[in-house]
Amino acid sequence: QVQLVESGGGLVQAGGSLRLSCAASGRTFNTDAMGWLRQAPGKEREFVATISWNGDSTYYTDSVKGRFTISRDNAKNTLYLQMNSLKPEDTAVYYCAAQRYGAVTTTTRYAYWGQGTQVTVSS
């Protein structure tokens, strides 16, 4: 059974940092693009960042560029999202996804999804 399990979410003040992790089990994703997406209450799911299979290529939505960093450790089968200078508008449930088969900014075309982790940024 393939599982993606996110961790590292929580409550943080504006300007603070969090590091999200996504541990994969049941199969390896070291040949697949992976990504982070988020969904705020009452809003549609939003693309945040994606990374190529070897980590050489990354892409971010404009609102997080320069503040968030996506990375992966294929030896550990784990995906990360370092989030710095957090803002209240970053508040959302963050989802890890694996095996992208659509455009880099897709919010749906991933074969595997985690259950999500809540990130709340207070002002």
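The values are calculated or read from the model by the stated rules, or taken from the named source; none is laboratory data. This is a predicted model, so every value here is computed, not measured. Don't worry about glycine lacking a Cβ; one is built from the backbone with ideal geometry, like all the others, and counts go over all protein chains shown. We work out accessible area using only protein heavy atoms, side chains counted, and drop any ligands, DNA or RNA first. Shrake-Rupley method; radii C 1.70, N 1.55, O 1.52, S 1.80 Å.
Across all Cα pairs in region 60-123, the calculated P(r) in 5 Å bins from zero up to the longest distance comes to 4, 14, 21, 28, 21, 9, 2, 0 percent per bin. Once you order the gyration tensor axes a ≥ b ≥ c over the Cα atoms, which shape class does region 1-46 get: rounded for a/c under 1.5, otherwise prolate or oblate by comparing a/b with b/c? It is prolate, given that a/c is not under 1.5 and a/b is the larger ratio. Its Cα centre serving as origin, the chain has a Cβ charge dipole (Lys and Arg +1, Asp and Glu -1) of approximately 60 debye. Computed over region 13-123, the alpha-carbon pair-distance distribution with 5 angstrom bins reads 2, 13, 25, 26, 19, 10, 4, 1, each value a whole percent.
Accessible surface of S71, taken over heavy atoms with a 1.4 Å probe and every protein chain present, rounds to 40 Å².
The distance linking region 87-119 with region 27-67 is 6 Å (Cα centroid to Cα centroid, whole angstrom). For the pair A23 and V5, the difference between a 0.36 nm per residue extended length and the Cα-Cα distance amounts to 6.0 nm. Accessible surface calculations at 1.4 Å, restricted to protein heavy atoms, place region 46-96 at 45 Å² per residue. Taking the square roots of 5 times each eigenvalue of the Cα gyration tensor of region 35-94, largest first, gives ellipsoid semi-axes of 21, 12, 10 Å. Listed by chain and number, the lysines whose alpha-carbon sits under 26 Å from that of K87, ignoring those within fewer than 8 places in the same chain, are K43, K65.
So in the chain, what percent of DSSP beta bridges are antiparallel if you round to the nearest 5?
Details: 37 of 41 bridges.
In the chain, DSSP labels about 90 percent of beta bridges as antiparallel.
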